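Single-structure report; data block below.
The values are calculated or read from the model by the stated rules, or taken from the named source; none is laboratory data. Since this is a predicted model, take the numbers as computed values, not measurements. Reconstructed Cβ throughout: ideal geometry from the backbone, glycine too, with neighbour counts over all protein chains shown.
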Amino acid sequence: MIQLKNIEKCYETRAGRTYVLRQITLDIEEGEFITVMGPSAAGKTTLLNILGMLDSDWTGEYHLFDQAVHTLKPKQRLALNKQHIGFVFQNFNLLDTLTVYENLDVPLSYRNIKASERAAMVCDTLDRFGIVGKKDLFPSQLSGGQQQLVGVARAVIAGPTLLLADEPTGNLHSSQGEAIMDLFKKLNREGTTIIQVTHSERYASYGKRIIKLADGWLDGEICLTETARKDG
Amino acid sequence: MHSLWQDIRYGCRMLAKDPGVTAVAMLTLAIGIGANMAILSFVRAVLLDPLPARHADQLVQIRALDKSSGQYRMGVNPPTLDELHQRDEIFSELVVFENHSVTYQGELFQERVWGNKVSPNFFDMWDIAPQLGRTFAAGEGQPGKDNVIVLSHAYWKSRFGGRTSVIGETIQFNEADLTVVGVMPPDFQFPYNGLNYWIAGEYPVLPDAYGYRDFGLAARMQPGVTLAQTQALLDAIAARHAQDHPIDNKGFSITVRPLRMMFSTEQIQKTLLSLMVAVGFILLIACANLANLLFARTENRKRELAVRSALGAGTLRLLRQLLTQSILLAILGGSCGLLVTYWGIEALTILIPQNIMPRLKPIEMDFGLLGLTLVLSIAAGIGFGLVPAWFACRGDIGNSLKQTVSAVSPDRMRRRLSDALVVSQVALAVVLLSGAGLMISSVVKLLKVDPGYDPTNLVRTFLTPPWDDYQDLAKKDFLLQQLHERWSSLPGVDSVGIGTSYGGQKPELWAGPDGTTVEVRKAGCGVGDENFLRTMGARLVAGRYLGTSDIGAQRKTIVINEFMARRFQLGQDPIGKILARVTDQGPVNYEVVGVVGDLRDYVLNQEIEPVYYRPYQEIPLGPPLFVVVRTAVKTRSILTSLRNELKDLEPAMNAPVFEIVEISLYNSTGSHRIYMKCMILSAAVGLGLAVLGIYGVLAYSVARRTKEMAIRIALGALPSNIIRNTVWEGLRTVLLGIALGLLGTFWLSRFIESLLFETTAHDPMPLAGAVVLLIGVATIAIWIPARRAAKTDPIVTLRYE
C-alpha cells in the first residue's frame, strides 16, 4: 500500500542544513496497524505529515496504492488525500465555532457530495460513534475524550483507507485513551490501515508493528506477536 | 451552491463571534466609504452634474469677453442673439435672461426686488417641476400676456410666508400687476443665488445695440455639435461684428463654455478637489485599518485553516471561505456607509450654504451612488480579504497544526506589511492634520487682518433715492447734507460720513511724474464732518483730508491711498506731487494733498487697488452712494432711528439695507471658515482612524507575545523595561509615518496654497502643531497596550502555555 524510499527532509538554517528525516525506507501493507515511536524531535510527526501529504517539501520516493506521490502536482496530491486519508490530531483540532454535526460535515463538504447524502453520512456516523445526543453541542461543551471521539469520527466519515493519528491519546486520561485505542482496533479490524504516533508502550501494543525513529533515522522495527499484543 | 451558503453562514457566525472587531471593522469601512460618498454626491451636484436638465452636457453659456480687460460680460448683444437664433443646425434651443427689478411700497420705504426677465421657453430647458403651481404656459411672455410671475422659494417664504394660496394672486408692483403662477423648489436659483422671481418676456429687437451685452444666453447645442464647432461660429460672428461695427465690437470676442461651469469658480473647484483628496485619504486610512484587522483575524485562524486543509480543503476553497467572510464584512460596512453618506450629505448641506457653493438641485443619493457603494464595498472585501487569505493559506500546515494559537507568530513579511500599513496611515493622517493646521493658521491670519479702519460700532448703508428726482446735483447734495444733519444729531451717533463707491466702475488711466501709467479707481468722499474716511477711522499717513475749499477749486486736489503712492513711486514725501488723469482731451493734473491707509472695505482678503478720493459733490450720479455711521452705542439699537429719519427725509427712497461692518467683514471669511471646518473634520476622522490602527496593531502584537513578555518578566525585566520596549516598538512606526507625512505635505500643499491666506505650505507652526498632536495621541494609543504588556503575570501565563 505504502512504499517509502530514501525519504529525507531538512531545513536550511543559518547554522547550515538540519535534517529532520534521513533516508527513510519503509513498506506498509494494507490493513496494517503501525505505531511510530521515538524520542522528541525524532521526526515522527514529520513522517506522519509526509504520509498525509500535509508536507510537500521533502525528497525521496513515496508510493501510495501504486501512485507515485513524489511526482504528483499539489492538486493531484490533494485529490489522493481526499480519497484515501483521514487524520486524527493530538489536540483534537475540532473547529470551535462549529457544532459536532457541522464538524463531521466539514470533510464531506470538501468532497463534492450532495447535501442529502452528506446528511445521511453524518447521521450514520453520529449513530455509529454513539454521539447522536451531542450533535448540536460545540467542542467547548464536550470532555476531552468526547472531543477526540468526534475527531476520530470526523477522520473516518469520508471512509478513508488510511488513518493517520498523531498522538491521539496524548491529551486524554487513561480510560479515555483506551476507549479511543479500542475504537482504532475496531476500525483496523474493519479494514482501515492505521498509522499512529505515540509515546505510550501500552497503546503501541494495540498495533501490529512498531517503527522506531531516532534523530530522523529509522532505528528499527518490532513486529508484535498476537500474545504480546494481548499482554499489552 | 450549498457550500457557498455554508460559507456565508459560517462567515456570519465568525463575525458574530468577535463582535468588537467586527464592529470596529464595519465602522472603519462605513466612515471611509460614507465620507467619500457624501463628498462625491456633493461634487456631483456642484461640479459634475449641477444642472437639473436632460442631456445637460449639451447646454452651454455664451457671453462676450472684453479682451482688453479680460472681463467677461453677462451675455451677448441683441444683433448676436438675432444671428444665433438663425443657426438651427447648431442650436436647438436658446434661452435669454436679463437682470430685472420691480418695486412696491413697503411699510416704510419703497422695496426693490431683483429677479430675471427670461424668454418664455426658459423653463422648458430644465427638467424640474415647480414646487407649487406651474411655470410659463404657451403664449405667456408675448406682448399683452407678460403679466405672470414665478417666484423663487426664498422670496415666497420671506414675503408670502410660504402661503400656498399665493398661486393665482395678483401682486401689485409699481411697474405692473403680476399674477403668481408658480413657486420653484428651494434649490433652483438660476442664473444666480438670491434671485427672487422670473417673469417672461421677449427680448427687444435692437438691431444696432452692439454695445449692450447684458442679455444672458444659455443654449442647447444640437446632438453631435461640439464646443469647438460652436466656438468657431461665435469667432466668425465676433470677427464680422468687429469689422463692420468696430466702435462697439473691436476688442470683444464671444465665448462658449459648458453651462455647468457657471456655478463652479476655480476656488470652488479647488476647494472640492482638496476635500475629495482629504476624504480619499480617510478611505485609504480606513482601508489600511481594515487590512490590518483582517490580517490579525486571519492570523488567529491559521490553525483552523490548517485543520481544514488537513481535512481535504484545497487552497481555492479556503480562499473562497475567507473571501466570503471579508465580502460579508464589507457589505455590512458598506450598508452602514450608506447611513454615514446620508448623514454626511445632510451635514454638508448645512455646513456649506448655497451662497458659498451654489447648486440648482438638491444633493441626494441616487441609485448610481448606491451601486458604486456596493461595488466599492465588495472591492474592498475582495482586496483586503485576498492578501491576508493568501498569507494564511501559504503557511506550513504541519507547523500550524502543532502550535497553539498564541504561539503562532506572524511571519516577518506579514509583520513588515502590517507595519507598512501603520506607517502609511500615520503619514496620511499627518497630511490631513497639516492641511487642517494650515487652514486654521490661514483663517486666524485672515481674521487678524487690519482692514485699515476700526470696524466696531460702524454701520454702512447704500442709498437709492428716486434718481429721476435728483438729476440736479445740487438737490442731491442738499439731500445728503440734510441726511447728515439728521443722523448726526441722533443720540448715540458719533459721526456720519458720506462717499461713493468705485465698485462696478471702469478704472481710469493715470500717469505719474516719471510717466508711469497705472489703472486707478475713483471714489467720492465727503469733506469736513461728512468725511467718511474720518468716520471709518482710516489712518491719515501724510498730508490732509479734503476740505470744503477743494470742492470745485481751480487747482484740482486728491487724496490717494498708500498703494497708489507706492505704484507711482512717490517716495517718502508724496504731498504736493502731481499726478495726471489721462483723457482723450489730454492729461488733467491733480495735486496729491493727502495719503490714507489702504482700506479693505468689504472683505478681509480684498485685493488692494490704487484708489484716489475726490469730493463726492464733483462726482455725477451713477456710482453707488453710501453713508457710514459711527455709533457710541450698540449699532443694532440705532438702526430704527436711522431708518425713521431717512423715511422722514425722503419717503420715496428705496428700502435701505443697513450693514454692520464688523459682522459683514467676519461673514466675508465664511468660505475660508467653512473650508477650515471641513478640513478639521476630515483631519479628526483621519487621526481617529489612524490612532485606532496604531492601537489595534500594537494591542494585537502584545496579545500574541504574552508568552514572550512573561518570560522576560520571569527573567527579571521590570515593568518599565517592558513599557519602554513596547512604546518604542509603536513609536518607531509612528515617527517614520510622520517623516513620510511631512514630505507628502510639502509635495501636496502646493495644491491648497491658493486656498490659503498669507500662509505658505511650509509654515512651521501648523506643521509642528500637527506633529505634536499626532505624537501625543499616538503615545496614548501605544501606552495602553504597553501597560497591559507590563502587567503580564508570568506564573499564570507560563502555566497556561
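Summary of computed values
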item	result
Subset of region B:261-307 [within 14 Å of chain A (Cβ to nearest Cβ) and without any contact (Cβ under 8 Å) to a residue 12 or more places away in the chain]	B:GLU304
Those residues of region B:704-722 which are surrounded by fewer than 18 Cβ atoms within 10 Å (Cβ to Cβ) and modelled with pLDDT of 80 or more, in sequence order	B:PRO719, B:SER720, B:ASN721
Qualifying position, being more than 28 Å from B:LEU290 (Cα to Cα) and more than 14 Å from chain A (Cβ to nearest Cβ), among B:LEU27, B:LEU51	B:LEU51
Some residue of region B:614-632 being surrounded by fewer than 16 Cβ atoms within 10 Å (Cβ to Cβ) and farther than 27 Å from B:GLY504 by Cβ	yes
Cβ-Cβ under 9 Å pairs, at least 6 apart or on other chains, region A:207-222 side more than 18 Å from A:THR193 (Cβ to Cβ), far side of a type in the set (Asp, Glu) and surrounded by fewer than 14 Cβ atoms within 10 Å (Cβ to Cβ)	A:LYS212/A:GLU221
Residue that is nearest to A:ARG154 (Cα to Cα) [pool: residues in region A:100-118 that are under 24 Å from the mean Cα position of the chain (by Cα) and of a type in the set (A, V, I, L, M, F, W, C)]	A:LEU104
Test for B:TYR666: is it crowded, with 21+ Cβ neighbours inside 10 Å, of a type in the set (Phe, Trp, Tyr) and within 35 Å of the chain's Cα centre (by Cα)	no
Region A:86-144, subset closer than 25 Å to A:THR169 by Cβ, surrounded by fewer than 19 Cβ atoms within 10 Å (Cβ to Cβ) and hydroxyl-bearing (Ser, Thr, Tyr), residue farthest from the other protein chains (Cβ to nearest Cβ)	A:SER143
Candidate set from region B:5-24 (those that are within 14 Å of chain A (Cβ to nearest Cβ) and free of Cβ contacts under 8 Å to residues at least 60 places away in the same chain); member that is surrounded by the most Cβ atoms within 10 Å (Cβ to Cβ)	B:GLN6
Exclusive hit being more than 10 Å from every other protein chain (Cβ to nearest Cβ) and either surrounded by fewer than 17 Cβ atoms within 10 Å (Cβ to Cβ) or of a type in the set (Lys, Arg) (or both), set A:ALA68, A:ALA42	A:ALA68
Enumerated helices (runs of 4 or more DSSP H) restricted to region B:555-673, each holding at least 1 residues that are within 27 Å of B:SER488 (Cα to Cα) and out of contact with any helix residue (DSSP H, G or I) (no Cβ under 8 Å at 6 or more places or on another chain)	B:639-649, B:661-667
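Table: residues versus (1) within 35 Å of the chain's Cα centre (by Cα); (2) surrounded by fewer than 24 Cβ atoms within 10 Å (Cβ to Cβ); (3) assigned to a helix (DSSP H, G or I).
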site: B:ILE282; (1), (2), (3): yes, no, yes
site: B:ALA286; (1), (2), (3): yes, no, yes
site: B:ASN289; (1), (2), (3): yes, no, yes
site: B:ALA296; (1), (2), (3): no, yes, yes
site: B:LEU316; (1), (2), (3): no, yes, yes
site: B:SER326; (1), (2), (3): no, no, yes
site: B:ALA330; (1), (2), (3): yes, no, yes
site: B:GLY334; (1), (2), (3): yes, no, yes
site: B:LEU338; (1), (2), (3): yes, yes, yes
